[in-house]
């Protein structure tokens, strides 16, 4: 009985300490104040495990159609390049100021400075992950849920474009992402 | 009553503008045109037609060229009408 009382007392103390910490305002919330290593690991693990579970039943369409590069490229340029960069641009105010830093999508996957949870060969899982992140966004990271205003078709086109992005030079990027008057890529 | 209606209307207005914030038509009006000159000057033999990136660029630039020809034709027609 005494042991149960002590355990309950400790649990209550722990809860009270936690709530007290929340209300104390001591936690540094600024994006220029980096997480501790252990907090970063915990948040990244939470994020990646959640995305993996949530995206595992998404079926990946054929992304080989070159038209996808045109519609996806134009959308990438409008919505993503400010944070995730483009050929010839190594940083922006947003890419420098956001924390966690948005991945540089002009770099190939093995050059990103964050963990990729799936093996190098699990290509479909990587595509599902990108689709899910673009569609649903990521809480408290600055990544919006584009699925609120964009169709799945448009989001898959962005995923298709992102696969080619690390290979593109500035001229290729400009042509693929520019919206001409006819905008043949924009089959929305 | 007014205190309730004003914020509701303000929120409705905010959401109605944010949901259409990225309509392709709106963005297209502010967009830059593709700069195809250098690409179109490249000899066709040097281009890999099986590469999706090259195919997409060719398509974009052909459409752009067509648009330019049409707009030049239209401008010439308008000039002719103006002179007569």
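The values are calculated or read from the model by the stated rules, or taken from the named source; none is laboratory data. What you see is a predicted model, and the numbers here were worked out from it, not measured in a lab. Cβ sites come from the backbone with ideal geometry, for glycine too, and all protein chains shown count toward neighbours.
Inspect segment A:124-145 for any residue being at pLDDT 95 or above, under 11 Å from the mean Cα position of the chain (by Cα) and within 11 Å of chain B (Cβ to nearest Cβ) and give the result as yes or no.
Yes, that holds for at least one residue.
Could you name every one of the helices (runs of 4 or more DSSP H) located completely within segment A:1-98 that has at least 2 residues being within 14 Å of chain B (Cβ to nearest Cβ), touching a helix residue (DSSP H, G or I) at 6+ places or on another chain (Cβ under 7 Å) and touching a residue at least 40 places away in the same chain (Cβ under 8 Å)?
A:66-79
Within segment B:44-75, take every residue that is more than 10 Å from chain A (Cβ to nearest Cβ) and closer than 17 Å to residue A:172 by Cβ and give me the one that is surrounded by the most Cβ atoms within 10 Å (Cβ to Cβ).
Ranking the candidates gives B:47 first.
Here are A:62, A:75: which of them is under 30 Å from residue B:62 (Cβ atoms) and surrounded by 15 or more Cβ atoms within 10 Å (Cβ to Cβ)?
Working: A:62 fails: surrounded by 15 or more Cβ atoms within 10 Å (Cβ to Cβ).
Going through A:62, A:75 in turn, just one is under 30 Å from residue B:62 (Cβ atoms) and surrounded by 15 or more Cβ atoms within 10 Å (Cβ to Cβ): A:75.
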